[in-house]
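The values are calculated or read from the model by the stated rules, or taken from the named source; none is laboratory data. No experiment lies behind these values; they were computed from the predicted model shown. In this analysis, Cβ positions are derived from the backbone assuming ideal geometry, glycine residues included, and neighbour counts consider all displayed protein chains.
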Amino acid sequence: MTHQERILKAARGEMPDMLPYIPRIDLWYSANSRAGTLPGQHRGRTAYEISRAEGWGLMTASIDFTYQFLPEALLHRAIGA
């Protein structure tokens, strides 16, 4: 059974053979690449390449909402500003 089949089955309220794991690599990658804390085996790879290497599902349509011109702008994200 593919990841897509598992997700659709879960969305229908049915129990798949295993829960699909699709991490928010966009957020993880953004934070760790900027901090210089990517694991050694993934340094120099894109988020897409890391996903493929780990066998994870891919999130291909994402926008980095964490990038702000002013660091304090992130403080206002929770209130919708």
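Things worth noting here:
- All positions within the range 4-25 that are aliphatic (A, V, I, L, M) and either closer than 16 Å to Leu58 by Cα or in contact with a strand residue (DSSP E or B) (Cβ under 6 Å, 6 or more places away or on another chain) (or both): Ile7, Leu8, Leu19, Ile22, Ile25
- Residues satisfying the stated conditions in the range 7-42, i.e. of a type outside the set (Val, Ile, Thr), in a loop (DSSP other than H, G, I, E, B) and surrounded by 11 or more Cβ atoms within 10 Å (Cβ to Cβ): Pro16, Pro20, Tyr21, Pro23, Leu38
- Residue, farthest from the chain's Cα centre (by Cα), within the range 30-77, restricted to residues that are modelled with pLDDT of 70 or more, basic (Lys, Arg) and farther than 29 Å from Thr2 by Cβ: Arg43
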